[in-house]
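What follows is calculated from the coordinates using simple rules that are stated; it is not laboratory data. Source: prediction; values computed, not measured. We place every Cβ from the backbone using ideal geometry, glycine too, and count neighbours over all the protein chains shown.
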């Protein structure tokens, strides 16, 4: 399956600083369609489309909206999660840079559907250079925002990977440390300032205008049984053509890695950033979908010259630095994991260290409070499975 | 005695959002020293530890003095694969400081950071709010000259 540009359809075509250019390319048609419908009908359309969250977790977007819509409250919020921090991921940045108006339109439709008058775009601090293009899109769209009675504010993060986790992100907008919350309650019942809140990834929200223009049936005709539509990927590492590509869900990994990015001599691929799964070259035909492997869409390719253990050690170092410290399985676990994997990296591991890593991983996956600690052992567990001999030869 | 600039910043952050306040104070070239954080805590009506726990949590806030220009160079895997280590060495040599340090004239501080989402132009860094990519050791002196 070749590249299919649905979410990316405007990138490189529409002038990102011109509303006029956006309108000429069917901009805000989806919003016009949506506000002629009842909020419940909009939600029904999104539910029927089968759209699932593109931030990695894959929760059905329509159901999230429905829960928020049904929560009784005088105030509700929509938050766009633009805290793209997963290592090797830059697709949300690319989309904001090239097509900010589609994001604004998606946010506005989400607000209308759930009954929110205020939306925040939580932009990671490292993307602060995008504030200009994004604020310009908000300002130029003021007429449309008024029609839907919506106000959009950019909230600039302050540098913390954990704030991509929805409850930590909410804490951060409230001006606190980005520590995750105990759940339930989930944001649709109790989110920002304890009010019902929808929180969706940039790419998820950019799918909304497409669905509300072309219809749920058109959308759900693309993809697999449980993964509808397309997925945007950023790919980097040992490839000829680093970049952002969009494929229909279910496309083989090979199409992205060897086809579009033209990688050669591939040893393994990590899908979904530091917390992502490792796919060895032998499984390069794995389809990309929620049923198999997907993550947030950051893909790193490693050729045969790369040291598996060093890659795992760098992932462990990343989590050790980025753990928020609230729950001890993650706070302590990431530290010990780095300690042990460093022994392998330095060829001084002990025979019991493999078992120690397995026990530690299992504990973290079962008992960490949020996705950070639960997913931190992924690359370790996968490489122990596929590349055990590389570990064993470093035991002294 | 609350610094005038800090007082002005506090005045237009009526909701008391500590992240926004601390960022703006720091952007105005005021270090988040113990005294400054004490002043902010008193004005907002929270404890010193409430302010400190935020200033020490986020990587774009610093409880140590930072330079007029803040260099953040990415050390994550995609940049590592494009040899960010030799670029880091070139910056160390050019400025005469190690990561985490500040130059004697306070013009630069230099930090290693995790992925900044610039993997398509790796190895990459940020100086203040500007991004630089496809770095090589040879490009460093010229880039830093703009800020000297």
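For this structure, a couple of remarks:
- Distance between the pseudo-spin-label points of residue A:33 and residue B:33 (7 Å out from Cα toward the beta carbon): 6.0 nm.
- Kirkwood Rh, angstrom, the protein assembly as shown [1 / mean 1/r, Cα pairs]: 24.1
- Highest to lowest packing among A:213-221, A:98-106, A:375-383, scored as the average C-beta count within 10 Å: A:98-106, A:375-383, A:213-221
- Each peptide in A:60-67, A:268-275, A:177-184 was scored by the mean count of other Cβ atoms within 10 Å over its residues; highest first, the order is A:268-275, A:60-67, A:177-184.
- Counts of other chain beta carbons within 10 angstrom of each beta carbon in peptide B:50-57 average 3.
- When the convex hull of its Cα atoms is projected in every direction, mean area for the range A:230-303 (nm²): 3.9
- Relative contact order, percent, chain B [alpha-carbon distance under 8 Å, six or more residues apart]: 20
- Taking other C-beta atoms within 10 Å as the exposure proxy, A:3, A:143, A:126 rank A:143, A:3, A:126 from fewest upward.
- Summary of the geometry: the range B:45-105 and the range A:9-88, compared by the centres of their Cα atoms, lie 36 Å apart.
- Peptide-level mean, for B:75-86, of C-beta atoms on other protein chains within 10 Å: 5
- Burial ordering of B:111, A:347, fewest other beta-carbon atoms within 10 Å first: A:347, B:111
- Two-site label geometry, residue A:4 and residue B:130: point separation in nm, points 7 Å out along Cα→Cβ: 4.3
- Each eigenvalue of the Cα gyration tensor of the range A:291-368, multiplied by 5 and square-rooted, gives one semi-axis; in descending order these are 20, 19, 12 Å.
- Relative contact order of chain A, pairs being alpha-carbon contacts under 8 Å that are 6 or more residues apart, as %: 18
- Taking every alpha-carbon pair under 8 Å whose residues sit at least 6 apart, the range A:230-303 reaches a relative contact order of 38 percent.
- Inter-chain shielding of A:8-20 (mean C-beta neighbours from other protein chains, 10 Å cut-off): 0
- The range A:360-377 and the range A:107-137 have Cα centres separated by 31 Å.
- Hydrodynamic radius of chain B by the Kirkwood approach over all distinct alpha-carbon pairs: 16.4 Å.
- Inter-part distance where the range A:250-296 and the range A:189-213 are each reduced to a Cα centre, Å: 27
- Ellipticity at 222 nm from helices only: DSSP H runs of n ≥ 4 in the protein assembly as shown, each -39500 (n - 2.57), divided by the residue count, give -12000 deg cm²/dmol.
- Candidates A:13, A:154, A:46, ranked by Gaussian network fluctuation over chain A, Cα under 10 Å, top entry: A:13
- Eigen-decomposition of the gyration tensor built on the alpha-carbon atoms of the range B:69-145 gives equivalent ellipsoid semi-axes of 19, 12, 11 angstrom, largest listed first.
- Space enclosed by the convex hull of the alpha-carbon atoms of the range B:4-55, per residue, Å³: 64
- Residue order, fewest to most surrounding Cβ atoms within 10 angstrom, among A:138, A:43, B:97: B:97, A:138, A:43
- Bins of 5 Å, starting at 0 and running to the largest distance - Cα pair percent for the range A:19-220: 1, 8, 17, 22, 22, 17, 9, 3, 0, 0
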